[in-house]
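What follows is a single structure, written as structure tokens, with notes after it.
The values are calculated or read from the model by the stated rules, or taken from the named source; none is laboratory data. On a predicted model such as this, the values are computed, not experimentally measured, just so you know. Using ideal geometry, Cβ is built from the backbone for each residue, glycine included, and neighbour counts are taken over all protein chains shown. Keep in mind that these areas ignore ligands, DNA and RNA; they rest on the heavy atoms of the full protein, side chains included. Shrake-Rupley method; radii C 1.70, N 1.55, O 1.52, S 1.80 Å.
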Amino acid sequence: MSSNTFGTLFRFTTFGESHGPAIGCVVDGTPPLIPLDESDLQVWMDKRKPGTSRFTTQRREPDAVRILSGVFEGRTTGTPIGLLVENVDARSKDYGDIAEKFRPGHADYTYWKKYGIRDYRGGGRQSARETAMRVAAGAIARKVLAHRLGKAVKIRGALIQVGPHQIDRKRWDWKQVGKNPFFSPDAKAAERWADYLDEVRKSGSSTGAIIEVIAEGIPAGLGAPIYGKLDADIASALMSINAAKGVEIGAGFAAAAFSGEENADEMRAGKKKGEPVFLSNHAGGILGGISSGQPIVARVAIKPTSSILSPRKTIDVHGANTAISTKGRHDPCVGIRGVPVAEAMLAIVLADHLLRHQAQSGL
């Protein structure tokens, strides 16, 4: 199965299935002499792991990550970093009833048509379980960014919408993100989401969400025209996340309704010569595919989880009409645990582009 690798200079390859013995990845291109141990990865893994609240799947996975290679005496060696996470709470029997049926809205049918075989246990490689290793790779990317750019770099994500319910941006408070199970920057929105998701979960259904990720402290100059645009690679990274159905950079689709005057991010002279102060950031920190030095802002829309209890019309592998109801443990809103995944993918793209920029420009 191809296309399991992402990145150019900083790149990673994931392997493993949802109900296999383990999942893992190999991260290549990490510069040497960067301090790194398993605790640097685990803090981010714990943000994504299942079973942390009643609003996520109740599968109990500690997601304890092991470093198998590429680190010696607490520092990276410049060689491939091997990472492994064992699966300890898979219940394959929950999926026996759907072994020959395709879940509507899921990748079951397309995987089967492409390969002639599919791992129906938890979805195999289709499963969001794979994203745990993206978070681990993203943790290493964060270390690369901090090592090269310093502590000013911040990559943070938040859930800004669950189903039809949006946050109030006037109440945005980053301190609230870690105080509720939704990564919400709006405490009142989190309270509404709790009631809403309780209803969704009890009905056996699911709902979608929108995640916003922001990177601060990124210098101007990352990215390249024409086919190496930073925003194009960010869009690719975020769209590669399971259940992603749309990506916006900056103002995104809202920019289509702006006038030229409204959309222009006007500039004034800054305190440091040659570095402007921008009066707005509709471009999301990227102009012509190259970072401007402003915060990089992106959003990704996540569709509702396809595994639901409500019976849905479908067909089986023999082409016969049937119905399907998916049992087991599933996220009523997979967008919640998608927040640390989106953060990780943004960090990976930025680390990759930083190394590419330095390789070309020597900066």
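Go through the stretch 69-87 and give me each residue that's open to solvent by 40 Å² or more (accessible area, probe 1.4 Å) and hydroxyl-bearing (Ser, Thr, Tyr).
Scanning the stretch 69-87 gives SER69, THR77, THR79.
Can you go through ALA215, ALA237, ALA254 and tell me which one is at pLDDT 95 or above, surrounded by 15 or more Cβ atoms within 10 Å (Cβ to Cβ) and not in a strand (DSSP E or B)? Walk me through it before giving the result.
Values: ALA215 fails: not in a strand (DSSP E or B); ALA254 fails: surrounded by 15 or more Cβ atoms within 10 Å (Cβ to Cβ).
It is ALA237.
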Of the conditions (1) of a type in the set (A, V, I, L, M); (2) under 30 Å from TYR111 (Cβ atoms); (3) part of a strand (DSSP E or B), ALA232 satisfies every one except a single condition; which number is it? (3)
I'm trying to understand the selection: among the residues of the stretch 308-322, which are outside any loop (DSSP other than H, G, I, E, B) and exposed (fewer than 11 other Cβ atoms within 10 Å of the Cβ)? LYS313, ASN321
Report, by residue number, each residue of the stretch 183-212 that is out of contact with any Gly (no Cβ under 8 Å at 6 or more places or on another chain), part of a loop (DSSP other than H, G, I, E, B) and open to solvent by less than 30 Å² (accessible area, probe 1.4 Å). SER184, PRO185, ASP186, GLY204, SER206
If you check ASP231 against the conditions, is it closer than 30 Å to LEU145 by Cα, open to solvent by 10 Å² or more (accessible area, probe 1.4 Å) and charged (D, E, K, R)? yes
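Quick one: how many residues across the stretch 290-303 are closer than 22 Å to ALA344 by Cβ and either open to solvent by 50 Å² or more (accessible area, probe 1.4 Å) or not hydrophobic (A, V, I, L, M, F, W, C) (or both)? Don't jump to the end; show me each part of the working.
In the first step, residues of the stretch 290-303 are kept if they are closer than 22 Å to ALA344 by Cβ; the result is 291, 294-303.
Going one step further and asking which of them are either open to solvent by 50 Å² or more (accessible area, probe 1.4 Å) or not hydrophobic (A, V, I, L, M, F, W, C) (or both), we end up with 291, 294-295, 299, 303.
Number satisfying all stated conditions: 5.
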